[in-house]
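The values are calculated or read from the model by the stated rules, or taken from the named source; none is laboratory data. None of the values given here were measured: they were computed from a predicted structure. Backbone-built Cβ (ideal geometry, glycine too); neighbour counts: all protein chains shown. The protein model used for the area step is the full one, side chains on, heavy atoms only, and it has no ligands, DNA or RNA in it. Shrake-Rupley method; radii C 1.70, N 1.55, O 1.52, S 1.80 Å.
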Amino acid sequence: MGSEGPAPVVTVHVTGFKKFHGVAENPTETIVNNLQSYMNKRGLPKGLILGTCTVLETAGQGAIVPLYQTLQSALSKDANVPNSNRVIWVHFGVNSGATRFAIEQQAVNEATFRCADEMGWKPQRVPIVPADGGISRLRETSLPVKEITKSLAKMGYEVTTSDDAGRFVCNYVYYHSLRFAEQNGIKSVFVHVPLFLTIDEETQMQFAATLLETLASIY
């Protein structure tokens with residue numbers, strides 16, 4: 001006993017989005033901006049490092065360069081942390097019609113935007129990554145989404161597992177992130193949250209913090 005060396009560390013990087021058509025105040029921008037101080041107050045569980053917290057433009061092509069820069073620079077920072085081969089990306093997006101949290105199981109290689117994104121792009125039935133093949137190609141998270149959902153539901157959160165991240169920017173970013181995760185031996189998951197009118201800010205902050213703790217404990 002006692003010779004196992006230091007416990008492995010899980011580093012979690014988080015992204016949210018700015019405002020977009022029909023959503024003047026995106027709750028995920030608030031969650032991501034406040035998460036570091038919220039987690040510090042709450043106390044980070046042993047073995048969990050909260051890495052970068054980034055708010056992305058709600059845009060597809062136009063936001064991909066900053067997304068990849070964020071993914072890549074976080075990866076090189078992580079390489080300097082001992083035992084930090086466990087990296088999880090958690091992307092938060094809003095579903096303004098939702099009444100509960102949804103943990104997304106997969107993303108599809110299709111961009112069909114119902115309205116133009118914040119940079120004016122409105123693709124229809126376009127493959128997100130042409131090299132991956134057609135628009136029906138799926139990528140799934142390697143995290144145990146059902147187990148995570150069950151665990152959060154037991155703690156009293158209104159949460160469900162979802163197989164449909166839509167076809168808008170959320171799905172677009174998730175697809176790229178899952179592909180990046182697979183290439184780099186890390187993990188990625190996308191979570192849709194409701195508006196603060198539906199589930200208040202404090203509950204959403206608690207949910208985000210509990211989600212990170214749950215991820216660190218099951219990895």
Original post:
Mind checking the dipole of the range 131-210: about its Cα centre, +1 per Lys or Arg Cβ, -1 per Asp or Glu Cβ, Debye to the nearest 20?
Top reply: 320
**OP:** State the antiparallel share, in %, of DSSP beta bridges confined to the chain, rounding to the nearest 5.
**Re:** 25
**OP:** Report, in debye and to the nearest 20, how large the dipole of the chain comes out about its Cα centre when Lys and Arg carry +1 and Asp and Glu carry -1 on their Cβ.
**Re:** 200
Original post:
What FRET efficiency do you get for residue 164 and residue 119 if R0 is 22 Å and r is their Cβ-Cβ distance, rounded to the nearest 0.05?
Top reply: 0.35
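How charged is the neighbourhood of residue 156? Take every other residue with its Cβ under 13 Å from the Cβ of residue 156, and add Lys/Arg as +1 and Asp/Glu as -1.
+2
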Original post:
Excluding ligands, DNA and RNA, what is the solvent-accessible area per residue of the range 1-151 at a probe of 1.4 Å, expressed in Å²?
Top reply: 50
Original post:
So which DSSP H runs in the chain come out at 30 Å plus along the axis (Cα) with average Kyte-Doolittle of at least 1.0?
Top reply: none
Subject >> Student exercise, the range 45-173 dipole from Lys, Arg, Asp, Glu Cβ charges, in Debye to nearest 20 >> reply: 240
Original post:
Tally Lys/Arg at +1 and Asp/Glu at -1 over every other residue whose Cβ is under 9 Å from the Cβ of residue 132; what's the total?
Top reply: +3
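Probe radius 1.4 Å, ligands and nucleic acids ignored: give me the carbon and sulfur share of the accessible area of the chain as a rounded percent.
Answer for the chain is 51 percent, counting heavy atoms of protein chains only.
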Subject >> Of 152, 168, 217, farthest towards positive along the dipole that unit charges on Lys, Arg, Asp, Glu beta carbons give the chain >> reply: 217
Subject >> Flagged links, alpha-carbon separation over 23 Å, of 150/187; 46/77; 77/187; 18/150 >> reply: 18/150
**OP:** Please list, or write none, the aspartates and glutamates whose alpha carbon is within less than 12 Å of the alpha carbon of residue 146, excluding same-chain residues fewer than 8 places away.
**Re:** 104, 163
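Less than 14 Å Cβ to Cβ from residue 63, Lys/Arg counted +1 and Asp/Glu -1: what total charge do the surrounding residues give?
Here the count lands on -2.
For the chain, report the % of Cα-Cα distances exceeding 22 Å.
Working: 11488 of 23871 pairs.
Cα-Cα pairs in the chain separated by more than 22 Å: 48 percent.
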